[in-house]
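Only one structure is covered here, and it is reproduced in the block below.
What follows is calculated from the coordinates using simple rules that are stated; it is not laboratory data. Predicted model, so just to flag it, every value in this text is computed and none were measured. We place every Cβ from the backbone using ideal geometry, glycine too, and count neighbours over all the protein chains shown.
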Amino acid sequence: MKQRKTACLMHEASNRCSRHARIQLEDESQTFEKRCAVQIAIVAFDNFTDIDLVLHWDLLNRVHFIGGLQDWSVRILGTENSHRSVLGLPIPTSGLIDQVLEADGVILCSGRGTRPLIEDKSYLARLKLDPSRQLIGAQCSGSLFLGALGFLQGMPVTAYPPIVKELESFG
């Protein structure tokens, strides 16, 4: 019997994940799923907004710990071993932002710390994202990173009112 490869069950709509496959027999009588690890990265920095990191960390880890999906991992990436939130909460990181390209999905936190970082060319150079194969999301001022990296050109954007003018400056 011949096999054919179809899109990943988890990324069926976006068809962006190259590390997943659903193998289906040609007569469509049976489907076998081959699943490799899904990696999610949450990008943190000093003065991030607490809820933007903690909420995503909690909800995304439930897929593994409560949902039982074993091939799922969520990592916090930053430039240091830990970063402190705007309210003073220290959060350890599990890797450097240089590893963000390895992730299938990326969430960029927001907070006061975004403003100096969007002006920091060396930081932006380390934040290598690939929208052609990664699902990328940002919350509130985290979307300023997407603007600074040129990903918002000609795109409709929904934003928290205080950052609208800053986002408009990116086109």
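Taking 0.36 nm per residue of separation and subtracting the Cα-Cα distance, what length does fully extending Ala125 through Phe151 add?
Going from the current span to full extension adds 8.0 nm.
In terms of the mean number of neighbouring beta-carbon atoms within 10 Å, the peptides 104-116, 58-70 order highest first as 104-116, 58-70. The dipole here belongs to the stretch 76-171: it is taken about the Cα centre, uses +1 on the Cβ of Lys and Arg and -1 on the Cβ of Asp and Glu, and is about 180 debye. Considering every alpha-carbon pair of the stretch 60-156, the percent of pairs per 5 Å bin, from zero through the bin containing the longest distance, is 3, 12, 20, 26, 20, 11, 6, 2, 0.
Give me the Kirkwood hydrodynamic radius of the stretch 118-157 in Å, from all C-alpha pairs, to one decimal place? Kirkwood hydrodynamic radius for the stretch 118-157: 10.8 Å. Using the Cβ-Cβ distance between Val164 and Leu101 with R0 set to 35 Å, the FRET efficiency from 1/(1 + (r/R0)^6) comes to roughly 0.75.
Average the reciprocal distances over every distinct pair of alpha-carbons in the stretch 79-121, invert the result, and give the Kirkwood radius in Å. Each step should come with its number before you reach the end.
Numbers: mean 1/r = 0.0840 Å⁻¹.
Every distinct Cα pair counted, the radius reaches 11.9 Å.
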